[in-house]
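J.: Quick one: structure below, then a few questions.
Throughout, read-outs are computed from the coordinates displayed, never taken from laboratory work. Remember, predicted model here, so these are calculated numbers, not experimental data. When we count neighbours, we look across all protein chains shown, and the Cβ atoms used for this are built from the backbone with ideal geometry, even at glycine.
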Amino acid sequence: MGSAVDSTVTVKGWVHTLRLQSRVQFVVVRDHTGMVQVTHRRGGDGDRLDELLRGLTPESAVEITGKVVANPIVKLGGLEIVPERVEVVSAAEPGLPIDAGTGPEQRLNWRFLDLRRPERRLVFEVQTTVEQAMREVAAEEGCTELHTPKLMGTPSESGAEVFRVGYFDRTAYLAQSPQFYKQMAIAAGIDRVFEIGPVFRAEPSFTSRHATEFTGVDVELAWIDTVEDVMSFLERMLRRVLERVAERHAEQIEQHAGARVVVPELPFPRLTMAQATAKLRAAGWDQEGVREDLDPEGERLLCALVAEEYGHEFVFVTRFPASVRPFYHRRPADDPSVTDSFDLLWRGVEITTGAQREHRHGQLVAQAREKGMDASPEGPLGRYLDCFRYGMPPHGGFGLGLGRVLMLALGLPSIRDAVFLFRGPNRLEP
Ligand code: AMO
């Protein structure tokens, strides 16, 4: 709202605070660019502005025209507006349903009001930068952006976490991942695929990192030599993302969220799952030694150990056991009990899963059957498996959860605060 002293301006925004005193009335008006103080010195009987200002309620939408005056004691930039005209465009009902002390569920119920606080909206500014940087890298690296269907005739990945929806006289499934379609794009000759789109998971999880609908960032790359090609693409992308976030938002993130933006060095540290497990056990995790996958506690601890040893916030964990990975992950020739896969952890949380895919039809069918899946041509995987029958290049890719990246970048307590309108097992509204 920066304006020259003595000029006449109109500010359009919300009533942020009201302080009506016997001699002077102060109204702080807020718009998306900031706040400005409007100062009216009361003129006694017949003062029309006085009446208008006394009728104002917090959060009303107003348009105020007046002269810009320098006043060094005003905290908001040493300027105030002396009003000449006040218009209440839309009055807010008195008694707002939320205030600074309101708990998280009630804040979600009134998300649009909660988001009027600028620090709560910062995440969407950062999100815009993150997506721009991702698209920038994807384009530079020769990717084609696709939009794959979210309504499917058969469940993608496993059937367990899928939402069923009525679809005329049959059932459709909401896509749990663009996995099969991005691989179909590789079969179609689109060598490098990039998608940002909605992902649906029917997981009854009530953690700070799970949503039933989230935005996924997916990449699939053809003609790779090893899974390392996918990992290095991902780290280049994340480095650019954090460079852009640092350039544009570091100060605000530090000020509003108390989090630091760290631009990561390349390459990120890499540990095989066996190495990671050994490190974790030495530090006291999973002493019974039964787990083949990392749990949230293991992820947190591993990141802490890596930060200490390598001074890095990221770590790739590679070569997960085949038992805990999907059938389509490729298994290395030197050890078929593991997969050419990875998870990327950042600040204690998994943000990405990726792998080189099994592109040989016979081997893929064998791995599906080994997992007890129906790999017959007429079965639910039939259309997917067809993609591997007529010349499929070696390929690999990853899926990244945008909400998790934003939650971690801003140090937010939950993914609920990192998305516009959260969807969880108990939340379909507003
Ligand atoms: P995965 O199931 O690990 O992999 O999902 C990829 C990434 O998506 C994010 N994510 C979630 N974010 C919010 N709420 C959830 N319920 C949720 N579930 C997952 C995580 C996760 O790392 N097809 C593979 C990817 C691939 O191999 O290309 C897949 O979907 O950040």
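J.: Which whole-angstrom value gives the distance between the alpha carbon centres of segment 1-32 and segment 310-336?
T.: 57
J.: What's the magnitude of the charge dipole for segment 116-164 around its Cα centre, counting Lys and Arg as +1 and Asp and Glu as -1 at the beta-carbon? Answer in Debye, nearest 20.
T.: That gives segment 116-164 a dipole magnitude of about 500 debye.
J.: Still on this structure: If each residue of separation counts as 0.36 nm, what is the full-extension length gain between ARG427 and TYR167 once their alpha-carbon separation is subtracted?
T.: Value of the extension gain: 91.3 nm.
J.: Could you work out how much longer the chain between THR154 and ILE98 gets when fully extended? Use 0.36 nm per residue separation minus the Cα distance between them, nm to one decimal.
T.: Here the answer is 15.9 nm.
J.: Of PRO267, GLY216, ILE73, which is farthest towards the positive pole of the chain's charge dipole, taken about the Cα centre with +1 and -1 on the beta-carbons of Lys, Arg and Asp, Glu respectively?
T.: So the residue we want is ILE73.
J.: Would you be so kind as to identify which of VAL130, GLY55, PHE316 lies farthest towards the positive end of the dipole of the chain, taking Lys and Arg as +1 and Asp and Glu as -1 on Cβ and the Cα centre as origin?
T.: GLY55
J.: Right, next: Starting from 0.36 nm per residue, how many nanometres of slack lie between ALA188 and ARG54 once their C-alpha separation is accounted for?
T.: Here the segment from ALA188 to ARG54 would lengthen by 41.6 nm.
J.: May I ask for the angle, rounded to the nearest 10°, between helix 227-252 and the longest principal axis of the chain, with both axes built from Cα atoms and the value confined to 0 to 90°?
T.: Taking Cα atoms only, the helix is inclined about 10 degrees.
J.: Which angle between 0 and 90 degrees, to the nearest 10, do you get for helix 118-140 versus the longest principal axis of the chain when only C-alpha atoms count?
T.: Its long axis makes an angle of about 40 degrees.
J.: Dipole size in debye (nearest 20) for segment 2-90 around its Cα centre, Lys and Arg Cβ +1, Asp and Glu Cβ -1?
T.: The calculation lands at about 240 debye.
J.: Oh, and also: Calculate how many DSSP beta bridges within segment 1-157 are antiparallel, expressed in % of all such bridges and rounded to the nearest 5.
T.: Of those bridges, close to 95 percent are antiparallel.
J.: Between LEU266 and ARG116, what's the calculated FRET efficiency when r is the beta-carbon distance and R0 is 35 Å? Round to 0.05.
T.: 0.35
J.: For segment 134-209, what class follows from the C-alpha gyration tensor (a ≥ b ≥ c being the square roots of its eigenvalues): rounded when a/c is under 1.5, otherwise prolate if a/b is larger than b/c, else oblate?
T.: In terms of gyration-tensor shape, oblate.
J.: So for the pair ASP386, VAL24, with labels modelled 7 Å out along Cα→Cβ, what separation do we get in nm?
T.: My value for the distance between the label points is 7.6 nm.
J.: Would you calculate the separation in nanometres between label points at GLU136 and ASP45, each defined as 7 Å from the Cα along the Cα-to-beta-carbon direction?
T.: It is 6.5 nm.
J.: Then there's this: Where Lys and Arg each count +1 and Asp and Glu each count -1, what net charge lies around GLU84 among other residues with Cβ under 14 Å from its Cβ?
T.: After counting each charged neighbour, the total is -2.
J.: Okay, moving on. For segment 131-265, just say rounded, prolate or oblate: build the C-alpha gyration tensor, square-root its eigenvalues into a ≥ b ≥ c, call rounded for a/c under 1.5, and beyond that prolate if a/b exceeds b/c, oblate if not.
T.: Oblate, because a/c is 1.5 or more while a/b does not exceed b/c.
J.: Separation of segment 111-163 and segment 59-97 by C-alpha centroid, Å?
T.: Comparing the Cα centres of segment 111-163 and segment 59-97, I get a distance of 36 Å.
J.: So if R0 is 30 Å, what FRET efficiency would GLU292 and ASP225 give, r being the distance between their Cβ atoms, rounded to the nearest 0.05?
T.: Rounded to the nearest 0.05, the efficiency is 0.65.
J.: What distance in nm lies between label points placed 7 Å from Cα along the C-beta direction at GLN255 and ALA304?
T.: If labels sit at GLN255 and ALA304, their model points lie 3.3 nm apart.
J.: Grab the eigenvalues of the alpha-carbon gyration tensor for segment 2-90, scale each by 5, take roots, and send me the semi-axes largest first in whole angstrom.
T.: Semi-axes from the Cα gyration tensor: 18, 15, 12 Å.
J.: When the Cα centres of segment 348-416 and segment 246-275 are compared, how far apart do they sit, in Å?
T.: Taking the Cα centre of each part, segment 348-416 and segment 246-275 sit 26 Å apart.
J.: List the lysines whose Cα sits under 20 Å from the Cα of LYS67, skipping any in the same chain fewer than 8 residues away.
T.: LYS12, LYS75
J.: Rank LEU412, VAL199, VAL38 by how far each Cα sits towards the positive end of the charge dipole of the chain (+1 on Lys, Arg Cβ; -1 on Asp, Glu Cβ) and give me just the farthest.
T.: Positive-end residue among those listed: VAL38.
J.: Given the DSSP H assignment, sum -39500 (n - 2.57) over each helix run of at least 4 residues in the chain and divide by its residue total; what's the result at 222 nm in deg cm²/dmol, nearest 500?
T.: So the calculated ellipticity at 222 nm is -9000 deg cm²/dmol.
J.: So in the chain, what percent of DSSP beta bridges are antiparallel if you round to the nearest 5?
T.: Bridges in the chain that DSSP calls antiparallel: roughly 90 percent.
J.: If you don't mind, another one. Relative to the longest principal Cα axis of the chain, at what angle does helix 273-282 sit, 0 to 90 degrees, rounded to 10?
T.: So the helix axis and the longest Cα principal axis differ by about 70 degrees.
J.: With N residues in the chain, what two-decimal value do you get for its Cα radius of gyration over 2.2 N^0.38 Å?
T.: Ratio of Cα Rg to 2.2 N^0.38 Å: 1.22.
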